[in-house]
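Enquirer: Mind looking over this structure? Questions follow.
The values are calculated or read from the model by the stated rules, or taken from the named source; none is laboratory data. Computed from a predicted model, the values in this text were never measured in an experiment. Glycine also receives a Cβ, built like all others from the backbone with ideal geometry; neighbour counts cover every protein chain displayed. What goes into the accessible areas is simple: the full protein's heavy atoms, side chains included, and nothing from ligands, DNA or RNA. Shrake-Rupley method; radii C 1.70, N 1.55, O 1.52, S 1.80 Å.
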Amino acid sequence: MKNREIVALTDKYVARTYARAPIALVKGRGVKVWDADGKEYLDFLAGIAVNNLGHCHPAIVRAIRRQSQKLLHVSNLYHIQPQSELARELCRHSFADRAFFCNSGAEANEAAIKLARRYGQEKLGGKYEVISTHNSFHGRTLATLTATGQEKVRAGYDPLPEGFRQVPYNDLGALEAAIDEKKTVGVMVEPIQAEGGVVVAAEAYLRGLRAICDQRGLLLIFDEVQTGMGRTGKLFGYEHFGIEPDIMTLAKALGGGLPLGAMLAREDVANSFGPGSHASTFGGNPVSCSAGLAVMSTLLKGGVLKNGAQMGKYFVKSLEALKKRFSFIREVRGKGLIIGVELEIDGSKIAEACMAEGLLMNCTAYRVLRFVPPLTIKRHEIDRGLAILEKVFARQ
Ligand SMILES: Cc1ncc(COP(=O)(O)O)c(C=O)c1O
C-alpha cells in the first residue's frame with residue numbers, strides 16, 4: 001500500500017484521536033525511516049523519544065527474535081525470567097529496590113499515584129493528595145490527566161478524580177504554600193518538562209524539592225518516562241541533579257520500541273504494594289522485557305550514553321549558531337539529546353516544512369521545536385538534519 005491508501009484507511013476506520021501527518025512510515029534503520037511511497041527521512045523524533053538506540057537496533061531485534069521463539073506470554077501468576085532480570089538491572093543502576101512493570105507511561109504514573117496513596121494510608125494517616133506542576137504531562141488515564149498541568153488534556157472529562165493539585169514549575173515557594181498537612185502525600189515532577197516545551201528544572205529546584213519532601217515526610221516522584229533511559233546523556237535524568245527520588249516512572253525507550261513501562265521505588269515505599277494491590281496482564285511480558293534487557297546492556301556497555309551527551313552538546317552549539325542568524329529563534333535549551341528550540345513563530349509549520357524536506361521532528365507547546373533523535377546519532381547526521389532546518393528557516 002502507498003501513503004495515500006493507508007491514510008484513507010486510517011481516516012475511515014481509526015478513532016480520530018491524533019492529528020497525523022499524511023505519511024505512513026513502513027521501514028526504519030538507525031536514524032533513517034522510509035514512508036510507504038519510498039521517501040527517506042532523517043528521524044529526529046525517534047517515535048517521540050522511544051527509539052533511543054535508533055530504528056531496529058540489531059541487539060534489540062535479536063533479543064526479540066530469540067525470546068519470541070521460546071515464549072511470547074505467560075501470566076504474572078508465574079515468575080518470568082526476563083522480567084526478574086530487567087528489574088535487577090534497573091535497581092542495580094538506580095536508587096530503587098523494586099520495580100512494577102506495566103505497558104506505558106500513563107500506567108507507570110498511575111502505579112506511582114496508587115502506590116503513593118497506599119503509602120499515605122499505611123504510613124501517613126490517610127494522606128492522598130499529589131501535587132504536580134503547571135505545564136506538566138503525565139498521561140491520559142483519568143488520574144494521570146488530572147495530574148497533568150495542561151487544561152487542553154483535561155477538557156471534557158469532568159468530573160475528574162479528587163486528590164490532585166498543580167503549582168508553577170521551578171517555584172519552591174508555590175510548592176511549599178500548596179502543601180496541605182492533612183492531605184498531601186507527595187510531589188510528582190518531570191526533571192525536564194518534555195511535552196511542556198523542553199523546560200529543564202533548575203538544580204536548586206529539584207534539590208529544594210528533595211529537602212522539602214524530607215522535612216515534611218512526603219514522597220518525591222520523578223516522572224522519567226521521557227527523560228529516562230539515556231535521553232539526557234545519563235541513564236536517568238535525576239543523576240544530573242545530585243539527588244534521588246523515592247519513586248520513578250519509566251516507559252518510552254525502556255522496551256526498545258515494544259510497549260513497556262515501569263514504576264521503581266525504594267523498598268520501604270514499594271512495600272505498600274502487596275499481592276493483589278496492583279496488576280497488569282501484559283506488564284513485564286517476556287518479549288518486552290527481553291527487549292528492555294537488550295536496551296539496558298547496549299546503553300551501558302556501548303558508549304551510547306557518552307555519544308548522546310557529546311552529540312547533544314554539538315547539536316545545541318550548532319543550533320545556537322543558527323539562533324545568531326534567525327531572529328525568530330528565542331531560545332535553545334535541553335540536556336543530552338532532548339532539545340527544544342523555542343520560536344517566536346508557529347513551530348508546527350516549520351515541522352511540516354522540514355518533513356517535506358526529509359527531516360522528522362515535532363512542535364510541542366505551540367512554539368517549541370522538539371528534537372529527540374536516537375542517542376546513537378552521528379555528527380554528520382546532525383549536520384544533514386541541520387542543513388534541512390536551516391533551509392526551512394531561511395524561507396520564513
Ligand atoms: C513525561 C511523560 N509522562 C507520561 C507520558 C505518558 O506516556 P504514555 O503515552 O506511554 O502513556 C509521557 C508521554 O509523552 C511523558 O512524556
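Enquirer: So what's the projected area for segment 59-217, the Cα convex hull averaged over all directions, in nm²? Display every interim value, and only then the final one.
Expert: Numbers: hull surface 48.1 nm².
The number I arrive at for segment 59-217 is 12.0 nm².
Enquirer: Run the simple label-point estimate for His79 and Ala15 please: 7 Å along Cα→C-beta, distance reported in nm.
Expert: In this crude spin-label approximation the distance works out to 3.8 nm.
Enquirer: Further question on the same structure: I'd like the Karplus ³J(HN,Hα) series for segment 224-231: coefficients 6.51, -1.76, 1.60, θ = phi - 60°, whole numbers in Hz, and an x wherever there's a Gly or Pro.
Expert: 10, 4, 9, 8, x, 6, x, 4
Enquirer: Among DSSP beta bridges lying fully in the chain, give the percent that are antiparallel, nearest 5. Walk me through the numbers on the way to the answer.
Expert: Working: 32 of 50 bridges.
Roughly 65 percent of the DSSP beta bridges within the chain come out antiparallel.
Enquirer: Which one of Phe273, Leu305, Ile382 is farthest out on the positive end of the charge dipole of segment 261-396, using unit charges on Cβ (Lys, Arg +1; Asp, Glu -1) and the Cα centre as origin?
Expert: Among Phe273, Leu305, Ile382, the one farthest towards the positive end of the dipole of segment 261-396 is Ile382.
Enquirer: What's the extension gain from Ala356 to Arg384 if we count 0.36 nm per residue and subtract their Cα-Cα distance? Write down the numbers at each step before the final one.
Expert: On the way: separation 28, 0.36 × 28 = 10.08 nm, distance 1.45 nm.
The span from Ala356 to Arg384 would gain 8.6 nm if fully extended.
Enquirer: Could you check the spin-label model distance between Tyr366 and Thr281? Points 7 Å from the Cα along Cα→Cβ, value in nm.
Expert: 4.1 nm
Enquirer: Normalise the Debye intensity by I(0) for segment 96-139, one equal point scatterer per Cα, no solvent, then take log10 at q = 0.13, 0.22, 0.30 Å⁻¹ and round to two decimals.
Expert: Treating every Cα as an identical point scatterer, log10 I(q)/I(0) equals -0.34, -0.87, -1.06.
Enquirer: Once Lys and Arg get +1 and Asp and Glu get -1 on their Cβ, which of Cys91, Leu115, Gln67 lies farthest toward the positive end of the dipole of segment 64-209?
Expert: The residue sitting most towards the positive pole is Gln67.
Enquirer: Starting from the Kirkwood Rh over alpha-carbon pairs, what translational D in µm² s⁻¹ does segment 248-304 have by Stokes-Einstein at 25 °C and 0.890 mPa s?
Expert: For the chosen part, D equals 193 µm²/s.
Enquirer: Over segment 321-387, give the accessible area per residue in Å² for a 1.4 Å probe, as an integer.
Expert: Numbers: 2830 Å² over 67 residues.
I get 42 Å² per residue for this part.
Enquirer: Just to confirm the filter: which GluC sites (Glu not before Pro) across segment 100-166 are DSSP coil and have at most 11 other Cβ within 10 angstrom of their Cβ? Could you put the intermediate results ahead of the total?
Expert: On the way: sites: Glu107, Glu110, Glu122, Glu129, Glu151, Glu162; in loops: Glu162.
Answer by residue number: Glu162.
Enquirer: What fraction, in whole percent, of alpha-carbon pairs in the chain exceed 27 Å separation? Working shown, then result.
Expert: On the way: 39269 of 78210 pairs.
It works out to 50 percent of all Cα pairs.
Enquirer: What dipole magnitude, in Debye to the nearest 20, does segment 194-341 give about its Cα centre under +1 on Lys/Arg Cβ and -1 on Asp/Glu Cβ?
Expert: Working: 17 positive and 12 negative charges, 181 e Å.
It comes to approximately 860 debye.
Enquirer: Oh, and also: Give the lysines reachable from Lys27 as a straight Cα distance under 21 Å; neighbours fewer than 8 places away on the same chain don't count.
Expert: Answer for Lys27, where 21 Å is the Cα cut-off: Lys2, Lys39, Lys252, Lys378, listed by chain and number.
Enquirer: If you don't mind, there's one more thing I want to ask. Of the cross-linked pairs Lys127/Lys335; Lys152/Lys349; Lys114/Lys349, which ones have a Cα-Cα span greater than 32 Å in the structure shown?
Expert: Working: Lys127/Lys335 35 Å; Lys152/Lys349 20 Å; Lys114/Lys349 40 Å.
Violating the 32 Å Cα-Cα cut-off are Lys127/Lys335; Lys114/Lys349.
Enquirer: Further question on the same structure: Quick one: divide the alpha-carbon radius of gyration of segment 1-87 by 2.2 N^0.38 Å and tell me what you get. List each step's numbers first, then the result.
Expert: Values: Rg = 17.1 Å, N = 87, 2.2 N^0.38 = 12.0 Å.
Taking N as the residue count of segment 1-87, the ratio is 1.42.
Enquirer: For segment 349-396, treating each Cα as an identical point scatterer without solvent, what Debye log10 I(q)/I(0) comes out at q = 0.25, 0.30 1/Å?
Expert: Rounded to two decimals, the profile gives -0.98, -1.23.
Enquirer: Moving to a separate point now. Contact order normalised by length for segment 17-162, with contacts defined as Cα pairs under 8 Å and 6 or more residues apart; what percent is it? Intermediate results must be reported in sequence, preceding the final value.
Expert: Details: 125 pairs, mean separation 15.3, N = 146.
Once divided by the residue count of segment 17-162, the mean separation gives 10 percent.
Enquirer: Just to confirm the filter: which chymotrypsin sites (Phe, Trp or Tyr not before Pro) across segment 1-53 are DSSP coil and have at most 16 other Cβ within 10 angstrom of their Cβ? Don't jump to the answer; show the numbers that get you there.
Expert: Details: sites: Tyr13, Tyr18, Trp34, Tyr41, Phe44; in loops: Tyr18, Phe44.
Here the sparse-neighbourhood loop sites are Tyr18.
Enquirer: Quick check: the distance between the Cα centres of segment 1-35 and segment 338-370, to the nearest angstrom?
Expert: Comparing the Cα centres of segment 1-35 and segment 338-370, I get a distance of 19 Å.
Enquirer: Over segment 131-218, average the accessible area per residue using a 1.4 Å probe and give it in Å², no decimals.
Expert: Accessible area per residue: 42 Å².
Enquirer: I would also like to ask the following. Once R0 is set to 25 Å, what does the formula 1/(1 + (r/R0)^6) return for the Cβ-Cβ distance between Lys39 and His134, expressed as a FRET efficiency to the nearest 0.05? Each step should come with its number before you reach the end.
Expert: On the way: r = 39 Å, r/R0 = 1.56.
Computed FRET efficiency for Lys39 and His134 comes out at 0.05.
Enquirer: How far, in degrees from 0 to 90, does helix 58-70 lean away from the longest principal axis of the Cα atoms of the chain, to the nearest 10?
Expert: Between the helix axis and the principal axis of the chain, the angle is about 60 degrees.
Enquirer: Using only the Cα atoms of segment 187-346, what do you get for the radius of gyration and for Dmax, in Å?
Expert: Cα only, segment 187-346: 17.8, 59 Å (Rg, Dmax).
Enquirer: Per residue, how much accessible area does segment 238-307 show when a 1.4 Å probe rolls over the protein heavy atoms, in square angstrom? Please list the in-between numbers first.
Expert: Values: 2360 Å² over 70 residues.
With all protein chains present, segment 238-307 gives 34 Å² per residue.
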